[in-house]
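I have placed the structure first, in the form of C-alpha coordinates, so that the comments after it can refer back to it.
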Amino acid sequence: MISPRKRPHPPVSGCYNYNMEERINAGRQQELDLARGLAIFFMIAVHCLEIFAKSRVIDETAYGIAVEFFGSFTSATVFMILLGVGITYSRKAEPQILIKRGLLLIGAGYLLNLLRGFFPMLVSWKLTGSDEWLAYMMIEPLRIDILQFAGLAFIFFGLAKKLKFRTAAFVIALLVFGVMNILLINNGFNYPNIMDYHNSKFFIAAITGLFWGTSELSSFPFLTWIFYPIAGYLFGVYLIKQDVTGKKRLFTIATLLSAAVFAVAVSLCWYFEIDYGWETNASFYHHMILGNIVFGSCAFLLIGIVYFMSGYIPELFKKTLSRWSNNVTEIYFIQWILIGWIAVGTGYNQFEILVTAAITLAVLFASDWLAFLYRK
(Lines give C-alpha, C1' and ligand atoms only; values in the text may rest on other atoms or scores of the structure.)
Protein backbone atom coordinates (compact mmCIF):
# COMPACT_ATOMS: atom_id res chain seq x y z
CA MET A 1 0.00 0.00 0.00
CA ILE A 2 1.56 3.28 -1.04
CA SER A 3 0.96 6.24 1.23
CA PRO A 4 1.49 9.59 -0.50
CA ARG A 5 3.53 12.25 1.23
CA LYS A 6 1.34 14.56 3.26
CA ARG A 7 3.05 17.23 5.28
CA PRO A 8 6.18 18.96 4.08
CA HIS A 9 7.33 21.95 6.14
CA PRO A 10 10.38 24.09 4.96
CA PRO A 11 11.98 26.41 6.76
CA VAL A 12 13.46 29.45 5.29
CA SER A 13 14.77 32.64 6.84
CA GLY A 14 14.25 35.91 5.07
CA CYS A 15 15.66 39.27 4.25
CA TYR A 16 14.20 42.70 4.38
CA ASN A 17 15.32 46.00 5.79
CA TYR A 18 14.13 48.41 8.45
CA ASN A 19 15.26 51.93 9.20
CA MET A 20 18.83 51.56 10.43
CA GLU A 21 18.47 54.23 13.11
CA GLU A 22 15.64 52.26 14.72
CA ARG A 23 17.61 49.00 15.02
CA ILE A 24 17.96 49.06 18.80
CA ASN A 25 17.56 45.29 19.14
CA ALA A 26 19.51 44.22 16.05
CA GLY A 27 21.44 40.99 15.52
CA ARG A 28 20.38 37.37 15.86
CA GLN A 29 17.67 36.73 18.42
CA GLN A 30 18.56 33.61 20.37
CA GLU A 31 15.00 32.70 21.36
CA LEU A 32 13.93 32.78 17.71
CA ASP A 33 16.81 30.50 16.72
CA LEU A 34 15.81 28.12 19.52
CA ALA A 35 12.17 28.13 18.42
CA ARG A 36 13.17 27.44 14.80
CA GLY A 37 15.54 24.67 15.93
CA LEU A 38 12.78 22.95 17.90
CA ALA A 39 10.47 23.28 14.90
CA ILE A 40 13.10 21.54 12.74
CA PHE A 41 13.21 18.61 15.17
CA PHE A 42 9.44 18.16 15.10
CA MET A 43 9.33 18.74 11.33
CA ILE A 44 11.61 15.77 10.71
CA ALA A 45 9.73 13.74 13.33
CA VAL A 46 6.36 14.28 11.66
CA HIS A 47 7.69 13.59 8.16
CA CYS A 48 9.17 10.27 9.33
CA LEU A 49 6.00 9.48 11.27
CA GLU A 50 3.74 9.94 8.29
CA ILE A 51 5.99 8.14 5.83
CA PHE A 52 7.16 5.18 7.93
CA ALA A 53 4.74 4.62 10.87
CA LYS A 54 1.68 2.40 10.76
CA SER A 55 -1.63 4.25 10.76
CA ARG A 56 -2.36 2.96 14.26
CA VAL A 57 0.81 4.62 15.55
CA ILE A 58 -0.13 7.91 13.91
CA ASP A 59 -3.75 8.03 15.06
CA GLU A 60 -3.91 6.10 18.32
CA THR A 61 -0.65 6.53 20.25
CA ALA A 62 0.49 9.42 22.43
CA TYR A 63 3.71 9.57 20.39
CA GLY A 64 1.87 9.91 17.10
CA ILE A 65 -0.64 12.47 18.38
CA ALA A 66 2.08 14.61 20.01
CA VAL A 67 4.32 14.54 16.93
CA GLU A 68 1.35 15.38 14.67
CA PHE A 69 0.45 18.38 16.83
CA PHE A 70 3.93 19.85 17.21
CA GLY A 71 5.16 18.78 13.77
CA SER A 72 2.18 19.60 11.59
CA PHE A 73 -0.09 22.11 13.23
CA THR A 74 2.57 24.27 14.86
CA SER A 75 6.00 23.83 13.23
CA ALA A 76 4.96 24.98 9.76
CA THR A 77 3.30 28.05 11.26
CA VAL A 78 6.33 28.83 13.44
CA PHE A 79 8.60 28.61 10.38
CA MET A 80 6.46 31.04 8.42
CA ILE A 81 6.16 33.55 11.27
CA LEU A 82 9.92 33.48 11.75
CA LEU A 83 10.40 33.96 8.01
CA GLY A 84 8.56 37.25 8.38
CA VAL A 85 10.56 38.26 11.46
CA GLY A 86 13.78 37.42 9.62
CA ILE A 87 12.76 39.68 6.75
CA THR A 88 12.58 42.56 9.21
CA TYR A 89 16.00 41.79 10.66
CA SER A 90 18.11 41.19 7.57
CA ARG A 91 20.19 44.02 6.17
CA LYS A 92 19.80 42.77 2.58
CA ALA A 93 16.84 44.85 1.55
CA GLU A 94 17.01 45.27 -2.20
CA PRO A 95 13.81 44.25 -3.99
CA GLN A 96 15.72 42.45 -6.74
CA ILE A 97 17.53 40.33 -4.15
CA LEU A 98 14.25 39.29 -2.56
CA ILE A 99 12.62 38.53 -5.88
CA LYS A 100 15.63 36.58 -7.14
CA ARG A 101 15.73 34.51 -3.97
CA GLY A 102 12.00 33.87 -4.30
CA LEU A 103 12.39 32.57 -7.85
CA LEU A 104 15.29 30.34 -6.76
CA LEU A 105 13.20 28.88 -3.92
CA ILE A 106 10.31 28.11 -6.27
CA GLY A 107 12.72 26.34 -8.60
CA ALA A 108 14.27 24.49 -5.66
CA GLY A 109 10.81 23.33 -4.59
CA TYR A 110 10.13 21.69 -7.94
CA LEU A 111 13.64 20.22 -8.04
CA LEU A 112 13.02 18.70 -4.61
CA ASN A 113 9.79 17.15 -5.93
CA LEU A 114 11.92 15.21 -8.41
CA LEU A 115 14.66 14.21 -5.97
CA ARG A 116 12.44 13.06 -3.09
CA GLY A 117 9.42 11.78 -4.99
CA PHE A 118 9.61 11.28 -8.74
CA PHE A 119 13.00 9.53 -9.02
CA PRO A 120 12.59 7.25 -5.95
CA MET A 121 9.15 6.23 -7.20
CA LEU A 122 10.54 5.71 -10.70
CA VAL A 123 13.07 3.26 -9.24
CA SER A 124 10.32 1.50 -7.27
CA TRP A 125 8.16 1.25 -10.39
CA LYS A 126 11.04 -0.26 -12.37
CA LEU A 127 11.84 -2.73 -9.59
CA THR A 128 8.26 -3.84 -8.90
CA GLY A 129 6.44 -3.16 -12.15
CA SER A 130 3.46 -1.96 -10.10
CA ASP A 131 1.31 0.64 -11.86
CA GLU A 132 0.42 2.01 -8.42
CA TRP A 133 3.93 3.49 -8.25
CA LEU A 134 3.47 4.93 -11.75
CA ALA A 135 0.29 6.75 -10.72
CA TYR A 136 1.94 8.43 -7.73
CA MET A 137 5.12 9.12 -9.67
CA MET A 138 3.25 11.16 -12.27
CA ILE A 139 1.83 13.63 -9.74
CA GLU A 140 5.01 14.18 -7.72
CA PRO A 141 6.68 16.83 -9.97
CA LEU A 142 3.70 19.20 -9.63
CA ARG A 143 3.25 19.15 -5.86
CA ILE A 144 3.17 22.60 -4.21
CA ASP A 145 4.95 22.59 -0.88
CA ILE A 146 6.51 25.06 1.47
CA LEU A 147 9.53 25.98 -0.65
CA GLN A 148 7.23 27.17 -3.43
CA PHE A 149 5.23 29.17 -0.91
CA ALA A 150 8.36 30.64 0.66
CA GLY A 151 9.46 31.71 -2.82
CA LEU A 152 6.16 33.49 -3.43
CA ALA A 153 6.44 35.14 0.00
CA PHE A 154 9.88 36.52 -0.85
CA ILE A 155 8.57 37.85 -4.16
CA PHE A 156 5.69 39.52 -2.30
CA PHE A 157 8.05 41.20 0.16
CA GLY A 158 10.33 42.24 -2.71
CA LEU A 159 7.41 43.93 -4.44
CA ALA A 160 6.30 45.45 -1.13
CA LYS A 161 9.78 46.90 -0.66
CA LYS A 162 9.72 48.32 -4.18
CA LEU A 163 6.33 49.91 -3.48
CA LYS A 164 7.62 51.21 -0.11
CA PHE A 165 4.99 49.44 2.00
CA ARG A 166 4.63 50.61 5.57
CA THR A 167 2.78 48.90 8.42
CA ALA A 168 -0.69 49.99 7.31
CA ALA A 169 -0.12 48.68 3.79
CA PHE A 170 0.90 45.27 5.13
CA VAL A 171 -2.25 45.11 7.27
CA ILE A 172 -4.42 46.02 4.28
CA ALA A 173 -2.66 43.38 2.15
CA LEU A 174 -3.28 40.79 4.87
CA LEU A 175 -7.00 41.60 4.89
CA VAL A 176 -7.25 41.62 1.09
CA PHE A 177 -5.52 38.24 0.80
CA GLY A 178 -7.83 36.81 3.47
CA VAL A 179 -10.94 37.89 1.57
CA MET A 180 -9.54 36.63 -1.72
CA ASN A 181 -8.84 33.26 -0.13
CA ILE A 182 -12.46 32.93 1.04
CA LEU A 183 -13.79 33.84 -2.40
CA LEU A 184 -11.48 31.54 -4.37
CA ILE A 185 -11.17 28.47 -2.18
CA ASN A 186 -14.34 26.79 -3.49
CA ASN A 187 -14.47 27.97 -7.07
CA GLY A 188 -14.93 25.85 -10.16
CA PHE A 189 -11.21 25.42 -10.90
CA ASN A 190 -10.78 23.21 -7.85
CA TYR A 191 -10.23 19.59 -8.75
CA PRO A 192 -9.90 17.24 -5.75
CA ASN A 193 -9.02 13.97 -7.54
CA ILE A 194 -5.26 14.39 -7.98
CA MET A 195 -4.84 10.85 -9.27
CA ASP A 196 -6.67 11.71 -12.50
CA TYR A 197 -3.62 13.31 -14.10
CA HIS A 198 -5.06 12.74 -17.58
CA ASN A 199 -7.68 15.44 -16.96
CA SER A 200 -6.82 18.99 -18.05
CA LYS A 201 -8.13 20.34 -14.73
CA PHE A 202 -5.26 18.53 -13.01
CA PHE A 203 -2.76 20.85 -14.69
CA ILE A 204 -4.91 23.92 -14.02
CA ALA A 205 -5.00 22.98 -10.35
CA ALA A 206 -1.23 22.57 -10.37
CA ILE A 207 -0.88 26.23 -11.37
CA THR A 208 -3.73 27.85 -9.45
CA GLY A 209 -2.74 25.77 -6.42
CA LEU A 210 0.26 28.03 -5.97
CA PHE A 211 -2.18 30.74 -4.90
CA TRP A 212 -5.19 29.02 -3.32
CA GLY A 213 -6.19 25.53 -2.26
CA THR A 214 -7.32 23.95 -5.52
CA SER A 215 -6.56 20.29 -4.72
CA GLU A 216 -4.37 17.98 -2.64
CA LEU A 217 -1.50 18.95 -4.93
CA SER A 218 -1.36 22.23 -3.03
CA SER A 219 -0.11 21.95 0.56
CA PHE A 220 0.90 25.59 1.06
CA PRO A 221 -1.15 27.95 -1.13
CA PHE A 222 -0.11 31.58 -0.95
CA LEU A 223 -3.44 33.10 0.11
CA THR A 224 -3.78 30.76 3.10
CA TRP A 225 -0.21 30.95 4.39
CA ILE A 226 0.92 34.53 3.67
CA PHE A 227 -0.89 35.55 6.86
CA TYR A 228 1.97 34.18 8.95
CA PRO A 229 4.98 35.90 7.30
CA ILE A 230 3.09 39.20 7.36
CA ALA A 231 2.21 38.71 11.04
CA GLY A 232 5.84 37.80 11.75
CA TYR A 233 7.06 40.85 9.85
CA LEU A 234 4.78 43.17 11.83
CA PHE A 235 5.96 41.57 15.08
CA GLY A 236 9.56 42.02 13.96
CA VAL A 237 8.98 45.72 13.25
CA TYR A 238 8.22 46.23 16.95
CA LEU A 239 10.78 43.73 18.24
CA ILE A 240 13.73 45.36 16.48
CA LYS A 241 13.00 48.71 18.16
CA GLN A 242 12.99 47.38 21.76
CA ASP A 243 15.66 47.59 24.41
CA VAL A 244 16.01 44.71 26.90
CA THR A 245 13.13 45.89 29.07
CA GLY A 246 10.92 46.64 26.10
CA LYS A 247 11.67 43.25 24.55
CA LYS A 248 10.59 41.44 27.71
CA ARG A 249 7.43 43.54 27.88
CA LEU A 250 6.65 42.85 24.22
CA PHE A 251 7.08 39.08 24.64
CA THR A 252 4.98 39.13 27.82
CA ILE A 253 2.12 40.91 26.09
CA ALA A 254 2.39 38.76 22.94
CA THR A 255 2.49 35.50 24.94
CA LEU A 256 -0.46 36.35 27.20
CA LEU A 257 -2.52 37.71 24.32
CA SER A 258 -1.75 34.66 22.17
CA ALA A 259 -2.74 32.30 24.99
CA ALA A 260 -6.05 34.12 25.48
CA VAL A 261 -6.87 34.26 21.76
CA PHE A 262 -5.94 30.60 21.25
CA ALA A 263 -8.02 29.42 24.23
CA VAL A 264 -11.09 31.48 23.30
CA ALA A 265 -10.95 30.63 19.57
CA VAL A 266 -10.52 26.88 20.11
CA SER A 267 -13.25 26.81 22.77
CA LEU A 268 -15.74 28.62 20.53
CA CYS A 269 -14.90 26.39 17.55
CA TRP A 270 -15.34 23.30 19.72
CA TYR A 271 -18.65 24.54 21.16
CA PHE A 272 -20.11 25.47 17.76
CA GLU A 273 -18.50 22.45 16.02
CA ILE A 274 -16.53 24.57 13.54
CA ASP A 275 -13.57 23.01 11.74
CA TYR A 276 -10.90 25.70 11.70
CA GLY A 277 -8.39 23.37 10.04
CA TRP A 278 -7.85 20.57 12.55
CA GLU A 279 -10.08 17.81 11.20
CA THR A 280 -8.52 16.86 7.85
CA ASN A 281 -5.37 17.46 5.80
CA ALA A 282 -7.32 19.56 3.30
CA SER A 283 -8.90 21.77 5.97
CA PHE A 284 -5.49 22.33 7.58
CA TYR A 285 -3.54 23.15 4.45
CA HIS A 286 -6.37 25.19 2.94
CA HIS A 287 -7.64 26.88 6.10
CA MET A 288 -8.97 30.43 6.09
CA ILE A 289 -8.93 33.40 8.46
CA LEU A 290 -10.29 31.49 11.48
CA GLY A 291 -7.55 28.91 11.09
CA ASN A 292 -5.00 31.71 10.70
CA ILE A 293 -6.08 33.09 14.07
CA VAL A 294 -5.98 29.71 15.82
CA PHE A 295 -2.69 28.44 14.38
CA GLY A 296 -1.04 31.87 14.45
CA SER A 297 -1.88 32.46 18.13
CA CYS A 298 -0.65 28.95 18.98
CA ALA A 299 2.65 29.58 17.18
CA PHE A 300 3.20 32.96 18.89
CA LEU A 301 2.39 31.30 22.22
CA LEU A 302 5.04 28.63 21.66
CA ILE A 303 7.61 31.21 20.56
CA GLY A 304 6.86 33.19 23.73
CA ILE A 305 7.27 30.09 25.90
CA VAL A 306 10.66 29.42 24.29
CA TYR A 307 11.67 33.02 25.06
CA PHE A 308 10.86 32.67 28.76
CA MET A 309 12.38 29.17 28.99
CA SER A 310 15.56 29.97 27.06
CA GLY A 311 17.51 30.72 30.23
CA TYR A 312 16.90 27.17 31.47
CA ILE A 313 18.00 25.34 28.32
CA PRO A 314 21.45 23.70 28.62
CA GLU A 315 24.16 25.37 26.54
CA LEU A 316 24.80 22.24 24.45
CA PHE A 317 21.16 22.14 23.36
CA LYS A 318 21.24 25.86 22.61
CA LYS A 319 24.24 25.44 20.32
CA THR A 320 22.62 22.47 18.56
CA LEU A 321 19.28 24.21 18.06
CA SER A 322 21.02 27.36 16.84
CA ARG A 323 23.06 25.34 14.32
CA TRP A 324 19.90 23.71 13.02
CA SER A 325 18.30 27.14 12.74
CA ASN A 326 21.25 28.52 10.77
CA ASN A 327 21.13 25.55 8.37
CA VAL A 328 17.36 25.34 8.14
CA THR A 329 16.93 25.33 4.36
CA GLU A 330 19.74 22.83 3.80
CA ILE A 331 18.39 20.50 6.51
CA TYR A 332 14.90 20.68 5.05
CA PHE A 333 16.14 19.79 1.57
CA ILE A 334 18.42 16.96 2.73
CA GLN A 335 15.97 15.31 5.13
CA TRP A 336 13.31 14.99 2.43
CA ILE A 337 15.75 13.39 -0.01
CA LEU A 338 16.86 10.91 2.65
CA ILE A 339 13.26 10.08 3.57
CA GLY A 340 12.22 9.65 -0.05
CA TRP A 341 15.01 7.18 -0.83
CA ILE A 342 14.76 5.27 2.47
CA ALA A 343 11.09 4.68 1.67
CA VAL A 344 12.11 2.94 -1.56
CA GLY A 345 13.76 0.21 0.49
CA THR A 346 11.40 0.03 3.45
CA GLY A 347 8.00 0.85 2.00
CA TYR A 348 5.44 3.23 3.44
CA ASN A 349 3.70 3.03 6.83
CA GLN A 350 5.29 -0.24 7.92
CA PHE A 351 6.73 0.35 11.40
CA GLU A 352 5.88 0.64 15.08
CA ILE A 353 7.03 3.47 17.34
CA LEU A 354 10.56 2.31 18.14
CA VAL A 355 11.64 1.76 14.54
CA THR A 356 9.96 5.01 13.45
CA ALA A 357 11.77 6.93 16.21
CA ALA A 358 15.09 5.29 15.25
CA ILE A 359 14.64 6.33 11.60
CA THR A 360 13.75 9.84 12.77
CA LEU A 361 16.97 10.19 14.78
CA ALA A 362 19.04 8.75 11.94
CA VAL A 363 17.55 11.20 9.44
CA LEU A 364 17.97 14.09 11.88
CA PHE A 365 21.63 13.45 12.60
CA ALA A 366 22.47 12.69 8.95
CA SER A 367 20.73 15.85 7.76
CA ASP A 368 22.48 17.94 10.41
CA TRP A 369 25.89 16.52 9.48
CA LEU A 370 25.43 16.82 5.71
CA ALA A 371 24.07 20.37 6.03
CA PHE A 372 27.07 21.31 8.17
CA LEU A 373 29.48 19.88 5.60
CA TYR A 374 27.65 21.66 2.76
CA ARG A 375 27.75 25.03 4.53
CA LYS A 376 31.38 24.57 5.55
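The values are calculated or read from the model by the stated rules, or taken from the named source; none is laboratory data. Quick caveat, the model's predicted, so the values are computed rather than measured. Glycine gets a Cβ as well: all are built from the backbone with ideal geometry, and neighbour counts include every protein chain shown.
Of note:
Per-residue answers, yes or no, for (1) part of a loop (DSSP other than H, G, I, E, B); (2) over 22 Å from the mean Cα position of the chain (by Cα); (3) touching a residue at least 60 places away in the same chain (Cβ under 8 Å); (4) surrounded by fewer than 21 Cβ atoms within 10 Å (Cβ to Cβ):
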residue	(1), (2), (3), (4)
317	no, yes, no, yes
325	no, no, yes, no
340	no, no, yes, no
345	no, yes, no, yes
356	no, no, yes, no
362	no, no, no, yes
372	no, no, no, yes
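- Search result, residues across the stretch 245-282 that are of a type in the set (Val, Ile, Thr) and within 17 Å of residue 306 (Cβ to Cβ): 252, 253, 255
Residue by residue, here is whether (1) outside any loop (DSSP other than H, G, I, E, B); (2) under 24 Å from the mean Cα position of the chain (by Cα); (3) modelled with pLDDT of 95 or more holds:
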{"position": "106", "(1), (2), (3)": "yes, yes, yes"}
{"position": "117", "(1), (2), (3)": "yes, yes, no"}
{"position": "126", "(1), (2), (3)": "yes, no, no"}
{"position": "147", "(1), (2), (3)": "yes, yes, yes"}
{"position": "154", "(1), (2), (3)": "yes, yes, yes"}
{"position": "169", "(1), (2), (3)": "yes, no, yes"}
{"position": "173", "(1), (2), (3)": "yes, yes, yes"}
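- Residues within the stretch 227-241 that are of a type outside the set (A, V, I, L, M, F, W, C) and either under 14 Å from residue 150 (Cβ atoms) or touching a Lys or Arg at 6+ places or on another chain (Cβ under 7 Å) (or both), tallied: 4
- The set of residues from the stretch 128-145 being in a helix (DSSP H, G or I) and either free of Cβ contacts under 8 Å to residues at least 24 places away in the same chain or surrounded by 24 or more Cβ atoms within 10 Å (Cβ to Cβ) (or both) comprises 128, 131, 134, 137.
- Hits in the stretch 229-264 (condition: of a type in the set (A, V, I, L, M, F, W, C) and either surrounded by 20 or more Cβ atoms within 10 Å (Cβ to Cβ) or under 22 Å from the mean Cα position of the chain (by Cα) (or both)): 230, 231, 234, 235, 237, 239, 240, 251, 254, 259, 261, 262
- Check on residue 76, at pLDDT 95 or above, outside any loop (DSSP other than H, G, I, E, B) and either more than 24 Å from residue 139 (Cβ to Cβ) or of a type outside the set (Phe, Trp, Tyr) (or both): no
- The set of residues in the stretch 264-282 that are closer than 15 Å to residue 68 by Cβ and either without any contact (Cβ under 8 Å) to a residue 12 or more places away in the chain or touching a helix residue (DSSP H, G or I) at 6+ places or on another chain (Cβ under 8 Å) (or both) comprises 277, 278, 279, 280.
- The sole residue among 201, 161 that is at pLDDT below 95, basic (Lys, Arg), in a helix (DSSP H, G or I) and over 24 Å from residue 104 (Cβ atoms) is 201.
- Residue 302 being of a type outside the set (S, T, N, Q) and under 17 Å from residue 76 (Cα atoms): yes
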